[in-house]
Amino acid sequence: MNRVGYGAMQLAGPNVWGPPDDPEAARRVLRLAVELGVGFFDTANAYGPRTVNRLIGEALRPFPEGVVVGNKVGAGRGPDRSWILTSHPDAIRSQVHEALTDMGVEASELTYLRLGGDSPMPASGVPLEDSLGALVELRDQGLIRRIGLSGATPAMLARAQELTPIAAVQNRFNLLDRSGVQVLADCEAQGVLFVPYYPLAAGRLADHDELTGPAERLGATPAQVALAWLLRRSPAVVVIPGTANPDHLRANTGAAQVAEDLTDAEVARLTDLVDESRAVIDQPHQSTVDALRAATGSRR
């Protein structure tokens, strides 16, 4: 798999609500991603809600060989556009069927269960065994091929692995926020993909001093260097930068080459920006909470 994927959240309307101003432009970006070699797309029922999944289906169906879409269920939107966990098994089943309909496919290659372990969303109160069990049932019926987790603590990942194999985990992790470091280590040890969301820290990395030197040396952008660092941080990592801008998409896909060209010393300096041994695991950093709220325009 190409380790530079595409996060589709920004294809929805403002505040990740409703359709974009130009749906055809959004579909063109999705097709361009495939042309550029992107094989992994990230989305969720909650984006729109359902808007982005429909755009993906319209743009990419029939899906080219090698293209995998990871779709998150277990989260939804309230009437006030807030983000809420919807982890009841009936809601999980309904969201999986909605996603299959919206994308026009018979089975999901990867479905994540959205958990609340790394976000300020209130807990759902539904036992993991019940919500994850709904996905296991759907996999056994042939409607899901692989199961993942999103927002998992180390304990949640361990519990889930006792119930079913987990193919991928999507957690917060970027140059400034290493709170998912233990989950990353667990994924690496267990052969599980680790997919950091908000890999560019919701736009807060653009002017970071430590990115400037490598970017200037390589003729790259700071964002490319930040993505390249993630790729060098662990072989388990697949990045999913999101954009609705074709030029930004082209730049993001170039991060793989930048990763090859970064020196070990540059990678080490970037890694040392945060003391990972002191990283918080089970609670979101306040700076990240603020960034997420600013990025989506709502309480998440």
Would you mind computing, in nm to one decimal, how far apart the modelled labels at E216 and E65 are, each placed 7 Å from Cα along Cα→Cβ? 4.7
Put in order of increasing Cβ neighbours within 10 Å, starting from the fewest, L11, L184 give L184, L11
Give me the one-decimal nm value for the distance between modelled label points at R250 and E276, 7 Å along each residue's Cα-to-Cβ direction. 3.4
Taking alpha-carbon centroids only, segment 143-169 lies from segment 78-92 a number of Å equal to 19
Between segment 1-35 and segment 183-233, what's the alpha-carbon centroid distance in Å? 21
For the chain, size of Cβ-based charge dipole, Lys and Arg +1, Asp and Glu -1, in debye: 500
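If r is the Cβ-Cβ distance from Q257 to D209 and R0 is 25 Å, what FRET efficiency results, to the nearest 0.05?
0.60
Among the DSSP beta bridges whose two residues both lie in the chain, what percent are antiparallel, rounded to the nearest 5?
So the antiparallel bridges in the chain amount to around 10 percent.
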What Kirkwood hydrodynamic radius do you get for segment 137-268 when you take the inverse of the mean 1/r over all pairs of distinct Cα atoms, in Å? 15.8
Which ordering of I147, I92, I56, I84 is given by a fewest-first count of other beta-carbon atoms within 10 Å? I84, I147, I92, I56
Along the charge dipole of segment 6-292, pointing to its positive end and built from +1/-1 on Cβ of Lys, Arg, Asp and Glu, which listed residue (Q182, A268, M103) has its Cα farthest out? M103
Mean separation of Cα pairs under 8 Å and 6+ residues apart, divided by the residue count of segment 6-292: what relative contact order is that in percent? 16
Can you give the longest stretch of the chain with no exposed loop site, where a site means GluC sites (Glu not before Pro) in a DSSP loop (not H, G, I, E or B) with at most 16 other C-beta atoms within 10 Å? 107-300
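Every number in this text was worked out from the coordinates using simple rules, so none of it is lab data. Note that the structure is predicted; figures quoted are calculated from it, not measured. All Cβ positions, even for glycine, are placed from backbone atoms using ideal geometry, and neighbour counts span all protein chains on display.
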